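Everything on this sheet refers to the single structure shown next.
Please treat every number below as a calculation from the coordinates, not as lab data. Model, not experiment: these values are computed from the prediction. Heads up, the Cβs are rebuilt from the backbone with ideal geometry, glycines too, and the neighbour counts pull from every protein chain shown.
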């Protein structure tokens, strides 16, 4: 992402000040811009991650231990689990198996059997992973309880941009959202802006004009962003067509058969 316009907070900071028509270096205060940047970038991340697409995922290895059913999730940016499967680096012929995930209240529906299965200690015996939160921290519970030491790969959506810490090198997800992000931050910081060379009346008029411009652009950007995050692929034509292209037009050159698949 390096080199992409607005790809880091440092570049976003410059873009926001440009949108505000280069106000006083201290108004808005850089800390104000940073706080609004954090809020707006996190909002766009939440909107994207709440779509049907996992726009930003990471993974970690979880080592199951004998007779241990509860495992703390230590990833600081953990949001929602996406996929859990078996892994075994010692066996090049290991066939990965996906482990179902469920909520605590649905555990008995997802798995009804003995609390612990007695068998080979090197086998992936998990039938379900239960995700729950305790005192604000996420945990996994494994059923049945492991009888040996094995590993699972946990894929998850990030929940906090930058793991909760945003610095000059932090890169928000979805480069396509950067202009939208900059406009939102600029609008949020507009009340703090000041142009010392202008009269009070001119400052008032400038803020009014910028607010109108930002709101119109943000409205267009919001609709485009909403449509973009809905899917991670171009649908295209997914049905085989039975005729040549020119046979799909009438005598007046119009399209008489709508083959668009939404």
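Observations, loosely collected:
- Relative contact order computed over region 93-137 (Cα-Cα under 8 Å; 6+ residues apart), in percent: 56
- Point-to-point label distance, residue 59-residue 153, nm (Cα→Cβ direction, 7 Å offset): 0.2
- Fully extending the segment from residue 205 to residue 118 would add 23.7 nm, taking 0.36 nm per residue of separation and subtracting the current Cα-Cα distance.
- Spin-label pair residue 27/residue 192, simplified geometry with 7 Å Cα→Cβ offset, distance in nm: 1.3
- FRET E, pair residue 109, residue 46, Förster distance 25 Å, beta-carbon r, rounded to 0.05: 0.30
- Note on residue 88/residue 134: beta-carbon distance plugged into 1/(1 + (r/R0)^6) with R0 of 41 Å gives a FRET efficiency of 0.85.
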